[in-house]
Amino acid sequence: MKEILMKGSTVGRLNSPWERVLHLASRRAFRKGQTIDIGAGMKEDGRPCFYYILSGRIRLSYVGRGGEERTILYAGPGSLMNVPSVVADDVKNTVVTCMEAAEVALFDAAILTDTRFAAEHPDLMINLVQSLCVHLVIHSQRLAEQALADSLSQVCRVVCELAERHGGSDRFAPGMTQQELALLLGMHRTTLTRILCRLREMNVLGRFTRHELRILDRVRLEELAGKV
């Protein structure tokens with residue numbers, strides 16, 4: 001599990017024990033670039049289903065209210081997909097795209113609430129819960145990364161504004177401490193410290209104290225601030 005999380009947003013072989021019950025599923029192939037419409041039942045009778053990836057690689061994305069699409073994770077063989085969507089009956093905002101030719105095994109979603117199936121295969125249900133926890137952590141990481149990216153842009157915009165107030169200089173006295181800047185931006189001091197460290201690692205900003213703030217890369221700073 002730790003190795004999977006360290007790799008970021010790609011999961012695979014999380015649900016390989018489910019290969020024992022592939023006889024309960026039907027198979028279907030998809031072309032590279034094809035979008036899997038999980039809103040419509042993929043079985044011939046139209047019933048909702050979840051699927052097990054036999055081969056290929058797929059991308060799971062969510063569409064925001066503004067229409068923007070964000071990639072959440074990639075999944076390869078040995079992964080169960082579409083479980084949360086069919087359980088919660090929320091498929092409108094989910095987009096699944098085949099990054100390469102793929103074959104999946106379709107399971108009737110009804111087995112997820114079938115007490116007999118759960119009693120006969122408790123290890124599979126435990127495996128499913130464990131894999132969903134991994135997916136949840138990945139989703140949480142994505143949200144945190146997005147929030148940090150938004151905060152980074154906010155910090156860069158304020159630094160640009162401070163520089164403009166000081167005649168566009170790349171070295172000036174901001175007249176505020178990091179703690180005061182954090183309060184101004186409405187963020188935790190730890191978050192601001194993390195962002196400033198990241199900007200230093202990127203060679204965008206240098207020293208930042210009440211008496212001195214150094215801009216090392218004005219062009220990159222403005223890009224991160226969304227000014228260009």
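The values are calculated or read from the model by the stated rules, or taken from the named source; none is laboratory data. The structure displayed is predicted, hence computed values, not measured ones. So basically every Cβ, Gly included, is an ideal-geometry build from the backbone, and we count neighbours across all protein chains shown.
Here are some notes:
- Matching residues, the range 20-35, being outside any strand (DSSP E or B), modelled with pLDDT of 90 or more and exposed (fewer than 13 other Cβ atoms within 10 Å of the Cβ): 20, 23, 31, 32
- Residue 60 satisfies every condition listed in (1) at pLDDT below 85; (2) out of contact with any strand residue (DSSP E or B) (no Cβ under 6 Å at 6 or more places or on another chain); (3) surrounded by 14 or more Cβ atoms within 10 Å (Cβ to Cβ) except (2).
- Residues being surrounded by 15 or more Cβ atoms within 10 Å (Cβ to Cβ), touching a residue at least 24 places away in the same chain (Cβ under 8 Å) and over 19 Å from residue 150 (Cβ atoms) - total across the range 179-213: 2
- The set of residues in the range 146-177 being within 20 Å of residue 218 (Cα to Cα), in contact (Cβ under 8 Å) with a residue 24 or more places away in the chain and within 31 Å of the chain's Cα centre (by Cα) consists of 151, 152, 153, 154, 155, 156, 157, 158, 159, 160.
Yes/no matrix, rows are residues, columns are (1) more than 30 Å from residue 18 (Cα to Cα); (2) touching a strand residue (DSSP E or B) at 6+ places or on another chain (Cβ under 8 Å); (3) modelled with pLDDT of 90 or more:
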{"position": "134", "(1), (2), (3)": "no, yes, no"}
{"position": "141", "(1), (2), (3)": "no, no, no"}
{"position": "148", "(1), (2), (3)": "yes, no, no"}
{"position": "155", "(1), (2), (3)": "yes, no, yes"}
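- Residues being modelled with pLDDT of 90 or more and under 13 Å from residue 159 (Cβ atoms) - total across the range 179-197: 3
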